[in-house]
Amino acid sequence: MTEYRRYQGKSYMILKDHVKTGGFEYRILSKQTIRGLLPVQVSEDNGQKRFWYEISGKQSLDDWFGIKKPGGSFLRQFMESLTETIRRAGDYLLYDSGISLSPEEIFIDPVKEELAFCYKPFDKKPFMESLRGFMEYYLSHMAHQNRAEAQKCYDVYEKCQCRHTLPEELLQILFEREDTGPAVQEVTCEPIPEKKTVWKDRIFREERWKHMFSFGQKKKAAAEPVVFEPEDCQKEEANPTVFLGSETPCVIGELRYEGMGEEKNIKITKSLFLVGSLEDQADGIISADTVSRIHARITKEGEDYYLEDMNSTNGTSRNGTPLHYKEKVKLEKNDKILFAKERYRFV
């Protein structure tokens, strides 16, 4: 089970190794800082190792994708960073199978937009299996407005079905110019026998490219392939349902400013409400320098409100208690909230 903790001004993701083993990987991770990998400290209690990965000021990709839908340009950045990280790790005899490609264990600096991967000398998976899983996740969360860019992402996913695919080959697909050859090129490779994945017909209806692609429904046959299809367009209704995160004209909550600065009261107008200093992404703006770009998140579930810190640099607290990353706490009327040093009351 993953644990998140703030300790001495830093934020950590803590993973446990239940196998009482050691080896050179443990020593390398403890003593070396490898660019592209999260810094880690290893502690041991009764033979059980605990890995403290420092994630201060970073956000996991699953949170990041909830704020910004990725496209082809982000996948290029991801593959470049992954390729370089594998090369650097190899210089220390670390294996690509130890690099976790779980979106919850990949982190990004929201300011520099630099990626950092988690190296796990335990619970390893074959690299291409992990990469296929990541691409399935990516395709279901990416933006599809740019048809050419989206097609390249699907070409990368198709190439991942091949045996012995190299990250450099995936980069070649992503950086391929549209005017250097046919728009669609056939990918030939030796298929993986244990997982027969069939590529979906590439001809999509133009009006559906603006919608999220979703997994197809589960089939009765066990060997049925994974298929991504665009969601059907919904007919506009006279009184449409307001989904989580959609804007509403009414105020559903308020954060009343009680600090010593010049900040203003924040009116909560959405069921998924981001607090931070970045105007084009945060819903409630706090301009203080100590507040992170995306500092915290408030969600309304039924009649209840919940507060989460988004792994901000200077932290979030409720009634004097600091929140750990990914810790969700229920808000009560008159709760005192600190975003860094800026004080608010929930009313």
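The values are calculated or read from the model by the stated rules, or taken from the named source; none is laboratory data. Predicted model only: the values in this text are computed from it and were never measured. Cβ sites come from the backbone with ideal geometry, for glycine too, and all protein chains shown count toward neighbours.
Every listed requirement among (1) of a type in the set (Lys, Arg); (2) outside the structural domain of ARG132 (by TED's automatic domain parsing); (3) modelled with pLDDT under 90 is met by LYS68 save one, (2).
When you look at GLU342, is it more than 19 Å from ILE67 (Cα to Cα), surrounded by 17 or more Cβ atoms within 10 Å (Cβ to Cβ), in contact (Cβ under 8 Å) with a residue 40 or more places away in the chain and not assigned by TED's automatic domain parsing to the domain that holds GLU104, yes or no? Here the answer is yes, as GLU342 does meet what is asked.
Among the residues of region 4-54, those identified as of a type outside the set (Val, Ile, Thr), touching a residue at least 60 places away in the same chain (Cβ under 8 Å), under 23 Å from ASP309 (Cβ atoms) and part of a strand (DSSP E or B) are TYR4, ARG5, ARG6, SER11, MET13, LEU15, PHE51, TYR53.
Within this structure, SER73 passes the test of being of a type in the set (S, T, N, Q), assigned by TED's automatic domain parsing to the domain that holds GLU176, under 28 Å from PRO167 (Cβ atoms) and at pLDDT below 95. Of note, LEU82 satisfies the criterion of being part of a helix (DSSP H, G or I), within 20 Å of GLU168 (Cβ to Cβ) and touching a Gly at 6+ places or on another chain (Cβ under 9 Å). Scanning region 103-118 for residues that are surrounded by fewer than 19 Cβ atoms within 10 Å (Cβ to Cβ) and assigned to a loop (DSSP other than H, G, I, E, B) yields a total of 5. Of the residues making up region 299-347, those that are of a type in the set (Gly, Ala, Ser) and either over 17 Å from LEU272 (Cα atoms) or not in a loop (DSSP other than H, G, I, E, B) (or both) are SER312, GLY315, SER317, GLY320, ALA340.
Against the conditions (1) under 29 Å from ARG5 (Cβ atoms); (2) at pLDDT 95 or above, GLU301 satisfies every one except (2).
Among the residues making up region 106-147, a single one is free of Cβ contacts under 8 Å to residues at least 60 places away in the same chain and in contact with an Asp or Glu (Cβ under 6 Å, 6 or more places away or on another chain): PHE127.
Taking (1) surrounded by fewer than 16 Cβ atoms within 10 Å (Cβ to Cβ); (2) farther than 15 Å from SER100 by Cα in turn, ASP62 satisfies each apart from (2).
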